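Input: a single structure, listed below in structure tokens.
The values are calculated or read from the model by the stated rules, or taken from the named source; none is laboratory data. Predicted, not measured: the structure shown is a model, and the values here were computed from it. Neighbour counts run over all protein chains shown; Cβ positions are idealised from the backbone, glycine included.
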Amino acid sequence: MSSPARTDVAVTGLGLVTPAGIGVAANWERISSGRSTASPDDNLTGLGVDFSCRVPGFDAGALLGRRNAWRLDRVAHLAIVAAREAVADAGLDPATWDGARVGVVVGSSFGGSATYEREQARLAEDGPDMISPLLMVMAPVNMTAGYLAIDQHALGPNLVVSTACAAGTSAIGTARHLLAAGMCDVVIAGGSESTITRTTMASLHRMGALSTRRDSPETASRPFDADRDGFVAGEGAGMLILERAADAQARQARVYAHVSGYGASADGHHPSSPHPEGDGAERAIRAALADAGVEPGDIGHVNAHGTATAMNDVTEARVIRRVLGDHPAVTSTKGVIGHLIGAAGAVEAAYTVLAVHHGSIPPTANLSSLDPEIELDVVAKDARPATLRAALSNSFGFGGQNAAVVVTAP
């Protein structure tokens with residue numbers, strides 16, 4: 001296996017705020033245990049689906065200061081906490097770095113949707129004079145990256161990519177291109193999403209995307225299981241510190257893994273259903289492999305998109321088998337944390353990095369009876385030790401937007 005040094009990007013820091021916990025250590029322990037985080041959600045009482053996967057014990061006031069927390073939507077709260085952990089983990093200091101050489105790329109699908117929904121209700125109930133003047137700096141999708149720049153003194157390229165459920169992976173790929181082009185030396189890249197609102201959840205339920213196991217939320221998310229019936233919505237943020245591998249080596253940074261390849265595509269088929277043959281997904285995966293300079297046989301692990309919806313899981317499984325064969329050990333961490341929408345790809349890429357780093361593949365939660373149409377080696381029950389040279393993380397979103405990254409051992 002070979003990988004062009006000029007395109008290898010080092011992951012030197014990680015930050016995670018998810019339903020599996022606050023911090024990388026808590027996340028890895030929970031993901032490796034295969035224990036679901038889904039539970040009843042009081043904010044969804046009365047809806048057809050009244051459970052979700054939320055970040056436990058997240059006190060934005062304590063973590064960010066009460067005034068800062070009050071002025072930001074939860075999507076920014078989650079992103080900032082994750083980014084602070086990632087930067088510290090990388091051994092970097094915003095007080096001393098050259099901010100003009102630090103970029104930010106965040107994946108998000110909805111932005112500050114909870115704030116927008118709250119203010120819309122206020123407009124309807126109390127009239128226009130009661131709308132918050134902060135709405136326009138809290139709700140827009142670009143503001144999460146903007147607030148990260150303010151918090152971290154990151155003054156280089158600053159943008160949000162919004163490719164639905166592929167957004168977090170698209171952000172990592174975009175960051176990789178910025179580094180390869182020499183536009184910055186460090187990029188805070190990842191995703192953040194907090195859109196478990198009544199309107200969003202009601203719509204997802206109406207379109208049949210969500211599991212309806214209200215009597216057993218903890219077993220509701222069942223990727224690849226024959227009895228799956230939809231995904232469980234989650235929230236969270238995942239941030240990676242990316243640097244050119246040579247730069248990381250020069251400063252003697254600890255390197256978790258390399259992001260060695262990125263591929264993206266569009267199905268051009270349907271607004272919400274995947275291409276029946278997985279055409280776009282296959283092109284994204286093959287592009288990522290080619291970009292990384294690896295062969296299909298080099299991939300030892302796939303962190304699948306694995307939503308636990310009927311069509312996605314079978315289509316993705318067929319693509320994985322067609323491109324990679326049946327040898328990679330496949331998992332979907334959505335069985336534990338649910339579907340984090342725009343943040344999903346970033347968090348799952350971070351889990352893939354940790355799998356390579358620790359030599360361990362997390363299990364797919366709630367998988368008791370593998371769908372016979374899914375002819376893959378899906379890890380279940382317990383984490384599996386493995387020495388991984390290369391791994392793949394897939395993300396596919398509404399609009400037929402697909403992205404994949406190849407992670408390799410440093």
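For this structure, a couple of remarks:
- Taken over segment 65-121, the residue count meeting the criterion of being touching a helix residue (DSSP H, G or I) at 6+ places or on another chain (Cβ under 7 Å), of a type in the set (Asp, Glu) and either on the phi > 0 side of the Ramachandran plot or free of Cβ contacts under 8 Å to residues at least 24 places away in the same chain (or both) is 1.
- Scanning segment 179-221 for residues that are surrounded by fewer than 22 Cβ atoms within 10 Å (Cβ to Cβ), of a type in the set (A, V, I, L, M, F, W, C) and either in contact with a Gly (Cβ under 8 Å, 6 or more places away or on another chain) or free of Cβ contacts under 8 Å to residues at least 24 places away in the same chain (or both) yields ALA181, MET183, ALA202, ALA209.
- Summed over segment 283-317, the residues that are part of a helix (DSSP H, G or I), touching a Leu at 6+ places or on another chain (Cβ under 8 Å) and under 18 Å from GLY338 (Cβ atoms) give a count of 0.
- With respect to being among the small types (Gly, Ala, Ser), at pLDDT 95 or above and closer than 19 Å to ALA253 by Cβ, ALA88 fits the description.
- Considering segment 318-334, and only residues there that are crowded, with 24+ Cβ neighbours inside 10 Å and over 14 Å from the mean Cα position of the chain (by Cα), the residue that is nearest to ARG35 (Cα to Cα) turns out to be THR331.
- Restricting segment 100-122 to residues that are exposed (fewer than 15 other Cβ atoms within 10 Å of the Cβ) and of a type in the set (Gly, Ala, Ser), the residue that is farthest from the chain's Cα centre (by Cα): ALA121
- Considering only residues in segment 22-31 that are within 17 Å of the chain's Cα centre (by Cα) and of a type outside the set (A, V, I, L, M), the one that is farthest from ALA355 (Cα to Cα) turns out to be GLY23.
- Test: residue in segment 27-36 that is among the acidic types (Asp, Glu) and modelled with pLDDT under 95: no
- Sole exception among (1) among the β-branched types (Val, Ile, Thr); (2) touching a strand residue (DSSP E or B) at 6+ places or on another chain (Cβ under 7 Å); (3) under 18 Å from ALA86 (Cα atoms) for ILE150, by number: (2)
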